[in-house]
Amino acid sequence: MPKYKKLQAWAEMSNMGSQEVQLSQIFLDPNNPRIDRPGKEQIADNRISETAVQQECLQQLRNLGISDLMESMKTSGFWVVDRIVLRPLETDQFVVVEGNRRVAALKTLQSAYSKGRIDLAKDVYDGITKIEALVYHGKNPEIAWIIQGFRHTPGIKS
């Protein structure tokens, strides 16, 4: 990547700020490259929060594998060392830019707990229902690719 492109990417990253967000305010990104859809059509932002879109996205991420993350989170909680990146979707709603698997694991754990299928320590439960995330407030439609390029270069799960 040419030096000026790297500088532009770093400048774009400055449009992020830390924010505490309720898990219920976060929606999975059905346009994530990990998720295979027929024809790879893009889901419009105004449809991302629809229940059917979210259920399909969650199921596809579960099929890809999130049990390793869930097991770790069950015992250790959610660590903010590697924060999830979000972008605003609507007022008080966010869509995942980076961290779809982690959010899917958090949502699956929260659902299993609320149905009585698993027990979680109070501090673990509290830590998965309200997380500290980075929220992107810029306008670059390619921000997900920029962030993934930075994160996955050193070898985050392919």
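Assorted remarks:
- Residues in the range 20-71 that are basic (Lys, Arg) and either open to solvent by 50 Å² or more (accessible area, probe 1.4 Å) or assigned to a helix (DSSP H, G or I) (or both): Arg34, Lys40, Arg47, Arg62.
- Scanning the range 149-157 finds no residues that are of a type outside the set (Asp, Glu) and within 12 Å of the chain's Cα centre (by Cα).
- Being farther than 22 Å from Glu12 by Cβ and surrounded by fewer than 14 Cβ atoms within 10 Å (Cβ to Cβ) holds for only one residue in Lys74, Lys122, and it is Lys122.
The values are calculated or read from the model by the stated rules, or taken from the named source; none is laboratory data. Here the structure is a predicted model, which means the values were calculated and not measured. Using ideal geometry, Cβ is built from the backbone for each residue, glycine included, and neighbour counts are taken over all protein chains shown. To get the accessible areas, we keep the full protein, side chains included, count just its heavy atoms, and leave off ligands, DNA and RNA. Shrake-Rupley method; radii C 1.70, N 1.55, O 1.52, S 1.80 Å.
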